[in-house]
1. Of the residues A:Ala297, A:Ala256, A:Ala13, which exhibits the maximal mean-square fluctuation in a Gaussian network model of chain A defined by a 10 Å Cα contact cut-off?
2. Which ³J(HN,Hα) values, rounded to whole Hz and listed in residue order, are derived for the range B:358-368 from phi using the Karplus coefficients 6.51, -1.76 and 1.60 in 6.51 cos²θ - 1.76 cosθ + 1.60 with θ = phi - 60°, glycine and proline given as x?
3. Please figure out what share of the DSSP beta bridges in chain B is antiparallel and state it in percent, rounded to the nearest 5.
4. Using a 10 Å cut-off on Cβ to Cβ distances, tally the other chain neighbours for every residue of A:127-135 and report the average as a whole number.
5. Give me, ordered by chain and number, the residues 5 or more places off A:Ile203 or on other chains with an amide H under 5 Å from its own placed amide H.
6. Rounded, prolate or oblate: pick one for the range B:66-285, where a ≥ b ≥ c are the square roots of the eigenvalues of its C-alpha gyration tensor, a/c under 1.5 means rounded, and failing that, prolate if a/b is larger than b/c, else oblate.
7. Which of B:Thr272, A:Thr362 comes first, and how do the rest follow, when ranked by fewest Cβ neighbours within 10 Å?
8. Among the lysines, which have Cα under 20 Å from the Cα of B:Lys10 when same-chain residues fewer than 8 positions away are ignored?
2 protein chains.
Amino acid sequence: MKMDYRFSDKVLALKPNAIREILKSASDPGVISLSAGNPAPDAFPTDAIREISERLLRENPIGVLQYGVSEGYQPLRDTLKSYLKEKHNIGSDDDELIIVSGAQQVMDIAAKTFLNEHDVLVCEAPSFVGALNTFRSYNTELIGVTVEPDGMNMEELEKVLDENPNAKLIYTIPNFQNPSGVTMSLEKRKKLYELALAHNCLIIEDNPYGDLRYYGEDVPAIKSFDTEGIVIYSGSFSKVVSPGIRAGYMMANKAAMAKMIICKQGQDVHTTMWSQMLCNELMTKYDFEKHLDYLRALYTKKAALCMDLLDKYVVPHGIHYNKIEGGLFIWCDLPEDVDMLDFCKKLTERKVCVVPGNAFLTDSAMECHSFRINFSTPTDEQLTQGIIEIGKLAEEIIG
Amino acid sequence: MKMDYRFSDKVLALKPNAIREILKSASDPGVISLSAGNPAPDAFPTDAIREISERLLRENPIGVLQYGVSEGYQPLRDTLKSYLKEKHNIGSDDDELIIVSGAQQVMDIAAKTFLNEHDVLVCEAPSFVGALNTFRSYNTELIGVTVEPDGMNMEELEKVLDENPNAKLIYTIPNFQNPSGVTMSLEKRKKLYELALAHNCLIIEDNPYGDLRYYGEDVPAIKSFDTEGIVIYSGSFSKVVSPGIRAGYMMANKAAMAKMIICKQGQDVHTTMWSQMLCNELMTKYDFEKHLDYLRALYTKKAALCMDLLDKYVVPHGIHYNKIEGGLFIWCDLPEDVDMLDFCKKLTERKVCVVPGNAFLTDSAMECHSFRINFSTPTDEQLTQGIIEIGKLAEEIIG
């Protein structure tokens, strides 16, 4: 290589997504991976998708194959608007909804539209590494706010906003947060909204797991009390239909959305038509609620198994975790005198993969004593074996 | 609306893609649209796609529906690497190829990876407005270099590069350029490469129409003599399979690609699996060359009809155009004393839509006497009626 590439300042420090790199090494068939975030193989509505796809390509092949508009397939946009209004009381005449190529694109578009280099984005600590990496790719300064069992610490958030007038976006996953599993209380959601408004700051409400509640009652979305147009709501089909189809949606105030649509157009013109039409058919001609019930039943069983196993094999040896009410992840805390990275490395040597918690921090060099486990991807047998192995290692190291 | 949005500097001046806006108004069923760039409805390999899709969803539904890796579906990457090597002599051990969600994403990723705000990107004048808008969305300074019948004016290019040390990218569509229809000569391709290398500048070689040559001989790709890793090659399935599936690919030196993969990951994690697997099946289990022959036959007929009609009805009234050897567009020049925008407006009043040429310039306020017509989307009847109408208006206005 003779070329000396002149990279942009934005990407100079970028590194590959640590989790996706871990996943690559966890793909060895002998390894039990509790490190992914994939839906269970039996979570896909395969028969319905096969049937719909066959019909779409027979009845409307040109619609599937020709260019579409950047805002998305109009029938799906209409379906989602009604769905969000009825189910979550989200959306007003001031809002617009567009289809995106997975929720990851919402993060990219929002960052691009609102952040100059070195502007501040406030996120939960820990938070979803995929989103953080997207924000990093715009040379954004990330500031994490501690996640408590009922969501972000609001005093800390207020302090961060007071001290950083160039904080323009707050990124939150209020339901069954990835990786902590935490759901933000209604009180904190209201406080978060109030603080954002007072600081002229927008909120990205990322809700990929909202439909996957196994216990307890739904908490209203922050977007549902967004009278001032400061919430960018992000939804996804990845966890409830399929991630391979790359389909999600975003809702935001029309004035904000006008710029974001142009950014969406610049990235990929529009989202794959097949994926969009598929989702619309699933939501309108099939019993989508029944499918969600099926998913919840499937994952409730897996979540319960996971927590039972943790209670039995892992908690007695000094590892703490918070019970979850939904989602796909459980966050485990080691005692503070245990070297977490060393613990995860030893687990890998025993062919069990988890994600070291520091991957989810704004600075992976920060002290961290936690790791994330996922229960949706492994089989029940793998989950059992994996957690027993975690327990054994904990016994050896902690006692 | 009470919120005063603090947009990033990047997007402040962004406006919607003029052509896509024109297309919206051209969608009135009474209007003859010569303004699109869509494949002809009978260009899609619909039967094969139906067959492949049905088989994929039967034999490997989890592969279609589960997450994939950001670099793309490995079998398709391998297929494309062989294809590009055999067909275009493109690709070395220093290069990497990844799958993207349509070629538009190549432009976005390359701009993000290499351009700081106010850096210069050199493009052809005129050039593809979709790409220009993507570059604009990073607050890039665009400088256009005049397109001659054999490609960019090289003296002008050299001057621009000499005067702009922060010119980092040169964007070119060397084959059947959109919108001018021009193919760059081999001599100019070599000169372009030499100038880029001497100025530490990268080249984006955008080749969506390369397989659609109707007359004459193929000219070697710039990437085929890229010994120094300065060419980012962009290919697309939009014109040869389907634009609705959003699938394309890019090839670049591994060191440059490492950063671009991270940007791709941040945008949409990966490209729709269905689209990727479909393209691979089409290229490996079907006679893809035969399909390309079919497309070329289809479009050769349409291109010939279009040029015959122009020769008969339009050229005699003072409008000039250059014969094309491939692609989907013809560029028409009005005499310099005719108001082009007024001409296009009057055409629209007569229910014929073309794209005003200034839409393709780096600054749409520049003087321009040309307009673009497309012959792939309209039926032969629409094409005939539309061009007769252009001729009538030319006779009235020019004489």
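1. Answer for the Gaussian network model of chain A: A:Ala13.
2. 5, 4, 9, 9, 5, 9, 5, 7, 5, 5, 8
3. The antiparallel fraction comes to roughly 50 percent.
4. 2
5. The answer is A:Ile170, A:Val231, A:Ile232.
6. Judged from the Cα gyration tensor, the range B:66-285 comes out prolate (a/c at least 1.5, a/b above b/c).
7. A:Thr362, B:Thr272
8. In chain and number order, the partners are A:Lys10, A:Lys112, A:Lys168, A:Lys254, A:Lys259, A:Lys264, B:Lys112, B:Lys168, B:Lys264.
Laboratory data are not the source of any read-out in this text; all were calculated from the coordinates shown. Quantities reported herein were computed from a predicted structural model and do not represent experimental measurements. Every residue, glycine among them, receives a Cβ derived from its backbone with ideal geometry; neighbour counts consider all protein chains shown.
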